[in-house]
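A.B. asks: Dropping a structure here in structure tokens format, bear with me for questions.
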Ligand SMILES: NC(=O)c1ccc[n+]([C@@H]2O[C@H](COP(=O)([O-])OP(=O)(O)OC[C@H]3O[C@@H](n4cnc5c(N)ncnc54)[C@H](OP(=O)(O)O)[C@@H]3O)[C@@H](O)[C@H]2O)c1
């Protein structure tokens, strides 16, 4: 596959790029900086592009088999930029005639009980509420794009750089927790889940949680 990867220079994006390249896919990696110094591979091209600009992304997406996103607003930027980015990317890929999109989302909108989302629980850190709410807004915009084959793939509650174990589980709309009740996934295993979903879609039109 030839994949346009948005946010390729980010913490999750770099690992998704590495996983794609290890599986012999070709990757065009987009970020505003246009560089991913950590990745040197003949099948990887780093390009500059602004994911809030549908014209730029449509131009870049043309000719690719699928688009994957690991976009996130910078620490000093508004979480609401997520909605702007997803709207622009949806418009762009329609124009570029690419219909497959796997979006790295947030765990906050996943259900932990019949009527309770993770973001609504007492233990959810206050400082993460704005980005979690913004990620739910982004999900709702994506969910309306029925003409696209989208998957909204959420990390576990906690995702960090770690080990590539090859083990993970997914759940539709629900937070994935391990035997101790912890919700965690390494960025390396999340990257595996994302590339698996691109290669062998299991969650079209689905909000999928990941974890162990
Ligand atoms: N538990 C959870 O639910 C959880 C935990 C962690 C992360 N996440 C989500 O996962 C996503 C990725 O997280 P991360 O930690 O890997 O983020 P990150 O390290 O901040 O990377 C963000 C990437 O997006 C790019 N970017 C930002 N704005 C852009 C724009 N306008 N146009 C093009 N590229 C842009 C950045 O590059 P430039 O700045 O050079 O453009 C960078 O490559 C985020 O949406 C985050 O909310 C969820």
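A.B. asks: Has the range 71-80 got at least one residue that is farther than 15 Å from residue 147 by Cβ, within 10 Å of the ligand (Cβ to nearest atom), outside any loop (DSSP other than H, G, I, E, B) and touching a strand residue (DSSP E or B) at 6+ places or on another chain (Cβ under 9 Å)? Before the answer, list the steps.
C.D. replies: Filtering the range 71-80 down to residues farther than 15 Å from residue 147 by Cβ leaves 71-80.
Adding the requirement that they be within 10 Å of the ligand (Cβ to nearest atom) leaves 71-75, 77, 79.
If we keep only those that are outside any loop (DSSP other than H, G, I, E, B) as well, we get none.
Within the range 71-80, not a single residue is farther than 15 Å from residue 147 by Cβ, within 10 Å of the ligand (Cβ to nearest atom), outside any loop (DSSP other than H, G, I, E, B) and touching a strand residue (DSSP E or B) at 6+ places or on another chain (Cβ under 9 Å).
A.B. asks: Kindly list, by first and then second residue, each pair from a residue in the range 141-160 that is in contact (Cβ under 8 Å) with a residue 60 or more places away in the chain to a residue that is within 14 Å of the ligand (Cβ to nearest atom) and in a helix (DSSP H, G or I), limited to pairs with Cβ atoms under 7 Å and residues at least 6 apart or on different chains.
C.D. replies: Going by the 7 Å Cβ cut-off, the qualifying pairs are 155/190; 159/187; 159/190.
A.B. asks: Would it be correct to say that residue 58 is buried (at least 24 other Cβ atoms within 10 Å of the Cβ), in contact with a helix residue (DSSP H, G or I) (Cβ under 6 Å, 6 or more places away or on another chain) and not in a strand (DSSP E or B)?
C.D. replies: Values: buried (at least 24 other Cβ atoms within 10 Å of the Cβ): no; in contact with a helix residue (DSSP H, G or I) (Cβ under 6 Å, 6 or more places away or on another chain): yes; not in a strand (DSSP E or B): yes.
For residue 58, the condition - buried (at least 24 other Cβ atoms within 10 Å of the Cβ), in contact with a helix residue (DSSP H, G or I) (Cβ under 6 Å, 6 or more places away or on another chain) and not in a strand (DSSP E or B) - is not met.
A.B. asks: Identify all residues within the range 149-182 that are in contact with a helix residue (DSSP H, G or I) (Cβ under 9 Å, 6 or more places away or on another chain) and crowded, with 17+ Cβ neighbours inside 10 Å; write none if there are none.
C.D. replies: Of everything in the range 149-182, those that are in contact with a helix residue (DSSP H, G or I) (Cβ under 9 Å, 6 or more places away or on another chain) and crowded, with 17+ Cβ neighbours inside 10 Å turn out to be 150, 151, 152, 153, 154, 155, 156, 157, 159, 168, 170, 175.
A.B. asks: Given the options 30, 67, 45, 89, name the one that is assigned to a strand (DSSP E or B) and closer than 24 Å to residue 202 by Cβ. Before you say what the answer is, go through the steps one by one.
C.D. replies: Numbers: 30 fails: closer than 24 Å to residue 202 by Cβ; 45 fails: closer than 24 Å to residue 202 by Cβ; 89 fails: assigned to a strand (DSSP E or B).
Step by step, each of 30, 67, 45, 89 is checked, and only 67 is assigned to a strand (DSSP E or B) and closer than 24 Å to residue 202 by Cβ.
A.B. asks: Can you tell me which residue in the range 183-212 is farthest from residue 103 (Cα to Cα), limited to those that are surrounded by 18 or more Cβ atoms within 10 Å (Cβ to Cβ), in contact (Cβ under 8 Å) with a residue 60 or more places away in the chain and touching a strand residue (DSSP E or B) at 6+ places or on another chain (Cβ under 7 Å)?
C.D. replies: For the range 183-212, the residue satisfying everything is 183.
A.B. asks: Turning to a different aspect of this structure: Taking only the range 30-48 into account, find how many residues are surrounded by fewer than 21 Cβ atoms within 10 Å (Cβ to Cβ) and in contact (Cβ under 8 Å) with a residue 12 or more places away in the chain.
C.D. replies: Looking only at the range 30-48, we keep the residues that are surrounded by fewer than 21 Cβ atoms within 10 Å (Cβ to Cβ), and these are 32-35, 37-48.
Filter once more, keeping what is in contact (Cβ under 8 Å) with a residue 12 or more places away in the chain: 32-35, 38-39, 41, 43-48.
Number satisfying all stated conditions: 13.
A.B. asks: Residues in the range 177-189 that are within 13 Å of the ligand (Cβ to nearest atom), over 11 Å from residue 118 (Cβ atoms) and either assigned to a loop (DSSP other than H, G, I, E, B) or at pLDDT below 95 (or both): how many?
C.D. replies: 1
A.B. asks: A further question follows. Scan the range 1-27 residue by residue and report those that are near the ligand (Cβ under 6 Å from one of its atoms) and assigned to a helix (DSSP H, G or I).
C.D. replies: Those that are near the ligand (Cβ under 6 Å from one of its atoms) and assigned to a helix (DSSP H, G or I): 11, 12, 13.
A.B. asks: Only residues that are out of contact with any strand residue (DSSP E or B) (no Cβ under 6 Å at 6 or more places or on another chain) and surrounded by 15 or more Cβ atoms within 10 Å (Cβ to Cβ): list them for the range 118-134, please.
C.D. replies: 119, 120, 124, 128, 131, 132, 133, 134
A.B. asks: I need the full set of residues from the range 97-127 which are away from the ligand (no atom under 11 Å from the Cβ), in a loop (DSSP other than H, G, I, E, B) and within 21 Å of residue 181 (Cα to Cα), in order please.
C.D. replies: Taking the range 97-127 and keeping what is away from the ligand (no atom under 11 Å from the Cβ), we get 97-102, 111-117, 120-123, 126-127.
Restricting the remaining residues to those that are in a loop (DSSP other than H, G, I, E, B) gives 97-99, 114-115, 121-123.
Residues satisfying the conditions are 114, 115, 121, 122, 123.
A.B. asks: If a residue must be outside any loop (DSSP other than H, G, I, E, B), within 16 Å of the ligand (Cβ to nearest atom), closer than 18 Å to residue 69 by Cα and in contact with a strand residue (DSSP E or B) (Cβ under 9 Å, 6 or more places away or on another chain), how many such residues does the range 135-169 contain? Full working, then the answer.
C.D. replies: Looking only at the range 135-169, we keep the residues that are outside any loop (DSSP other than H, G, I, E, B), and these are 135-143, 149-154, 158-160, 169.
From what's left, within 16 Å of the ligand (Cβ to nearest atom): 135-142, 150-154, 158-160, 169.
When the remaining residues are screened for being closer than 18 Å to residue 69 by Cα, the result is 135-142, 150-154, 159-160.
Next cut, in contact with a strand residue (DSSP E or B) (Cβ under 9 Å, 6 or more places away or on another chain) only: 135-136, 138-139, 142, 150-154, 159-160.
So the count comes out to 12.
The values are calculated or read from the model by the stated rules, or taken from the named source; none is laboratory data. Keep in mind that this is a model prediction, so the values were computed, not measured. Backbone-built Cβ (ideal geometry, glycine too); neighbour counts: all protein chains shown.
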